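The values are calculated or read from the model by the stated rules, or taken from the named source; none is laboratory data. Computed from a predicted model, the values in this text were never measured in an experiment. Cβ placement follows ideal geometry from the backbone for every residue including glycine, while neighbour counts extend to all protein chains displayed. Heavy atoms of the whole protein, side chains included, go into the accessibility calculation; ligands, DNA and RNA do not. Shrake-Rupley method; radii C 1.70, N 1.55, O 1.52, S 1.80 Å.
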Number of protein chains: 2
Amino acid sequence: MPILTRMGDVFKALADPTRRTILDELTERDDQTLFEICVRLTSRHQLSLTRQAVSQHLAVLEEAGLITTRKQGRYKFHHLDTTPLAAIFERWPVTRKGQAP
Amino acid sequence: MPILTRMGDVFKALADPTRRTILDELTERDDQTLFEICVRLTSRHQLSLTRQAVSQHLAVLEEAGLITTRKQGRYKFHHLDTTPLAAIFERWPVTRKGQAP
DNA sequence: AGGATAGGCAAGCCGTCACTTGCCTGTCAA
DNA sequence: TTGACAGGCAAGTGACGGCTTGCCTATCCT
């Protein structure tokens with residue numbers, strides 16, 4: 001798994017609303033397993049998805065560098081990593097009101 | 001054209017590499033017309049696209065609130081607006097090294 | 001050992017999206 | 001006023017993405 005992820009992968013990963021919800025879930029509670037994420041997606045976000053669907057979403061997020069995984073026994077924990085998002089602001093600086101043009 | 005744009009529209013707009021290149025082009029030189037953007041996409045980014053293709057891309061970007069348009073005679077100028085990007089960081093704070101956990 | 005649990009692999013379906021093609025509207029200059 | 005220029009609308013096509021289904025591997029607990 002390459003440390004340097006392509007910028008397009010980050011945007012592609014963020015393009016799907018389910019994947020954004022997964023990031024929300026990991027923001028609130030980090031280092032969850034695949035099944036934990038499945039359960040919380042259905043119980044808290046009214047999303048009924050197959051385990052494989054969530055697994056594929058997690059693969060996309062990992063390829064984008066937005067999450068890292070850690071295997072421990074038969075469990076695989078998913079850790080949120082928001083550092084790739086910083087590249088967005090370096091590319092297009094956000095102009096807030098009161099800033100110099 | 002609503003001022004409040006859906007968050008999903010922003011990510012959908014950023015998902016396409018051509019649209020990201022258009023944002024780059026407007027970052028470097030703001031308030032360009034459709035034809036100017038077409039020319040600069042082909043001459044500076046080796047992208048050969050139809051005028052309609054670029055027009056549709058601009059429509060997506062405008063719907064996402066990332067660009068605003070201003071009609072003047074038969075010209076239509078496109079102005080970059082990066083303020084919708086700020087919502088990304090408010091949603092998932094970027095943790096840089098040296099920050100408190 | 002053996003069943004239950006956590007996860008992976010691969011093929012197939014269907015909707016969405018990017019792009020093209022063709023034609024139409026509005027504006028400016030000679 | 002007529003042609004050239006800037007842009008818009010709409011239908012059609014091909015490819016990619018999200019999701020499912022079915023089956024397989026690995027780890028843990030009696």
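For the stretch B:7-84, which whole-number percentage of the solvent-accessible area (1.4 Å probe, protein heavy atoms only) is attributable to carbon and sulfur atoms?
Result for the stretch B:7-84: 50 percent of the exposed heavy-atom area is carbon or sulfur.
Could you work out the Rg to Rh ratio of the protein assembly as shown, with Rh taken as the Kirkwood radius (inverse of the mean 1/r over all Cα pairs)?
Over the Cα atoms of the protein assembly as shown, Rg/Rh equals 1.02.
Of all the residues in chain B, which one has the C-beta that comes nearest the axis relating B to A, and what is the distance in Å?
So the chain B residue sitting closest to the axis is B:Ala15, 2.
Using the heavy atoms of the protein chains alone and a 1.4 angstrom probe, what is the accessible area of chain A per residue in square angstrom?
I get 61 Å² per residue for chain A.
What are the residues whose amide H is under 5 Å from the amide H of A:Gln32, where those residues sit 5 or more places off or on another chain and H is modelled from the backbone?
Residues meeting the amide H criterion: A:His78.
Which trypsin sites (Lys or Arg not before Pro) in the stretch A:35-101 sit in a loop by DSSP (not H, G, I, E or B) and have at most 16 other Cβ atoms within 10 Å of their own Cβ?
Sites meeting the loop and neighbour criteria: A:Arg74, A:Arg96, A:Lys97.
Put the label 7 Å from Cα along Cα→Cβ for B:Ala59; what are its distances to the other copies, in nanometres, shortest first?
Here the equivalent label points are 3.4 nm apart from this one.
Kindly compute the accessible surface that chains A and B hide from a 1.4 Å probe when together, both sides summed, and give it to the nearest 100 Å².
Counting both chains, the buried surface is close to 2000 Å².
Kindly write out, for the stretch A:5-17 in residue order, the coupling ³J(HN,Hα) from the Karplus curve 6.51 cos²θ - 1.76 cosθ + 1.60 (θ = phi - 60°), rounded to whole Hz, with x marking Gly and Pro.
Result, ordered by residue: 9, 5, 5, x, 5, 5, 5, 4, 5, 7, 5, 8, x Hz.
Quick one: label points 7 angstrom along Cα→Cβ at A:His45, distances to the other copies in nm, smallest first?
Shortest to longest, the spacings are 3.0 nm.
Tell me, what HN-Hα J-couplings in whole Hz come from the Karplus equation 6.51 cos²θ - 1.76 cosθ + 1.60 at θ = phi - 60° for each residue of the stretch A:47-62, using x for Gly and Pro?
Listing the rounded values in order: 10, 9, 10, 6, 4, 5, 4, 5, 4, 5, 4, 5, 5, 5, 5, 5 Hz.
Order of A:26-37, A:54-65 by packing, highest average Cβ count within 10 Å first?
A:54-65, A:26-37
Report the Rg/Rh value for the stretch A:42-101, based on alpha-carbon coordinates and the Kirkwood definition of Rh.
Ratio value, two decimals: 1.18.
List, shortest first and in nm to one decimal, how far the label point of A:Lys76 (7 Å from Cα along Cα→Cβ) is from its counterparts in the other copies.
Result, one decimal in nm: 4.6.
Can you list residues from other chains, or at least 5 along the same chain, whose modelled amide H is less than 5 Å from the amide H of A:Thr95?
Here the answer is B:Thr82, B:Thr83, since their amide H atoms fall under 5 Å of that of A:Thr95.
Residue by residue through B:82-88, how many Cβ atoms from other chains fall within 10 Å of the Cβ on average?
Partner Cβ neighbours, averaged per residue: 5.
Using a cut-off of 14 Å between beta-carbons, work out the net charge of the residues near A:Glu28 (Lys and Arg +1, Asp and Glu -1, A:Glu28 not included).
Net local charge, A:Glu28 excluded: 0.
A:Ile67's amide H: which non-local residues (gap 5+, or another chain) put their own amide H closer than 5 Å, with H modeled 1.01 Å from N in plane and none for Pro or chain starts?
A:Glu62, A:Asp81
Mind putting together the pair-distance distribution for chain A? All Cα pairs, 5 Å bins, whole percent per bin, short to long.
The percentages, shortest bin first, are 3, 12, 23, 22, 16, 10, 7, 4, 2, 1, 0.
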